[in-house]
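A.B. asks: Below you will find the structure I want to go over with you.
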């Protein structure tokens, strides 16, 4: 039988070593790949199509907020991702699961909890922390989280570049497409997210760069004259 391949992504050496030890204790024959930066994680995931699990810390160089989780879910939808984080706010845990995580393990959890969670996920299930029994998340936020998770990889790249204030011509240069293609992506993003203005999408994307459960509801955008849902088409 082929050995299970697990990617452990955490920039703290001691905690990463503890996770690796825990994985090998549960799966003695597993191949464990370690990364400490988000760009290395993306490269490793792309080069390891047989990986069966990623243990992901939300905070590492090259990642902000929920961006790393969303990138992985967009690029490798079949690869289970378990967030292992110092955040213990039930609302943040709920948000991570809504964005497609297969589990959320607080870093304060003991080995039995980690083993239970990993076993559940490797069997194809979802592991839900007990703290979520007390989580209260607005239904509209959960629906918007699912819409965000439905963006294609290229749409998500454009979406996150809106958070950084990139203009269409800058986005086109970065992702090697025409400005007309960027406009088409922006139109599709607005429609998928139920938004009207580019400014609304930019504000929403900025909230994803914070590892907190800020509301995903955005106010009406100002009339910035660029890329609303009526005129964004090429």
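A.B. asks: Determine whether the range 15-32 contains at least one residue that is over 21 Å from residue 157 (Cβ atoms) and within 12 Å of the chain's Cα centre (by Cα).
C.D. replies: The initial filter retains those residues of the range 15-32 that are over 21 Å from residue 157 (Cβ atoms), namely 15-32.
Narrowing further to those that are within 12 Å of the chain's Cα centre (by Cα): none.
No - not one qualifying residue is present in the range 15-32.
A.B. asks: Residue 108 passes all but one of (1) in a helix (DSSP H, G or I); (2) modelled with pLDDT of 85 or more; which number fails?
C.D. replies: (1)
A.B. asks: Moving on to the next point. Keeping to the range 60-77, report how many residues are surrounded by fewer than 17 Cβ atoms within 10 Å (Cβ to Cβ) and part of a helix (DSSP H, G or I).
C.D. replies: The number of residues fulfilling the criteria is 1.
A.B. asks: Given the conditions (1) surrounded by 15 or more Cβ atoms within 10 Å (Cβ to Cβ); (2) touching a helix residue (DSSP H, G or I) at 6+ places or on another chain (Cβ under 8 Å); (3) in the same structural domain as residue 24 (by TED's automatic domain parsing), report the number of the one that residue 120 does not fulfil.
C.D. replies: The number of the failed condition is (2).
A.B. asks: Any idea which of (1) surrounded by fewer than 18 Cβ atoms within 10 Å (Cβ to Cβ); (2) in contact with a helix residue (DSSP H, G or I) (Cβ under 6 Å, 6 or more places away or on another chain); (3) over 26 Å from residue 69 (Cβ atoms) is the one residue 168 doesn't satisfy?
C.D. replies: Here residue 168 clears every test but (1).
A.B. asks: Further question: Considering (1) touching a helix residue (DSSP H, G or I) at 6+ places or on another chain (Cβ under 9 Å); (2) outside the structural domain of residue 66 (by TED's automatic domain parsing), say which one residue 127 fails and leave the rest.
C.D. replies: (2)
A.B. asks: Only helices (runs of 4 or more DSSP H) wholly contained in the range 119-234 count here; list those with 3 or more residues that are at pLDDT 90 or above.
C.D. replies: Fully inside the range 119-234 and qualifying: 153-163, 168-175, 179-193, 198-208.
A.B. asks: Here's something else I'd like to know. Please go through the range 78-105 and pick out each residue that is at pLDDT 90 or above and either over 18 Å from residue 20 (Cα atoms) or part of a strand (DSSP E or B) (or both).
C.D. replies: Those that are at pLDDT 90 or above and either over 18 Å from residue 20 (Cα atoms) or part of a strand (DSSP E or B) (or both): 78, 79, 81, 82, 83, 84, 101, 102, 103, 104, 105.
A.B. asks: Hey, any hits in the range 98-107 for a residue that's out of contact with any strand residue (DSSP E or B) (no Cβ under 8 Å at 6 or more places or on another chain), within 28 Å of residue 202 (Cα to Cα) and outside the structural domain of residue 164 (by TED's automatic domain parsing)? Spell out the reasoning first.
C.D. replies: Here is the first cut: in the range 98-107, the residues out of contact with any strand residue (DSSP E or B) (no Cβ under 8 Å at 6 or more places or on another chain) are 98-99.
Next cut, within 28 Å of residue 202 (Cα to Cα) only: 98-99.
Pick out the ones that are also outside the structural domain of residue 164 (by TED's automatic domain parsing) and you get 98-99.
Yes, some residue in the range 98-107 is out of contact with any strand residue (DSSP E or B) (no Cβ under 8 Å at 6 or more places or on another chain), within 28 Å of residue 202 (Cα to Cα) and outside the structural domain of residue 164 (by TED's automatic domain parsing).
The values are calculated or read from the model by the stated rules, or taken from the named source; none is laboratory data. Treat the numbers as computed from the prediction; the structure is a model and nothing was measured. Cβ coordinates were reconstructed from backbone atoms using ideal geometry, including for glycine residues, and neighbour counts include every protein chain displayed.
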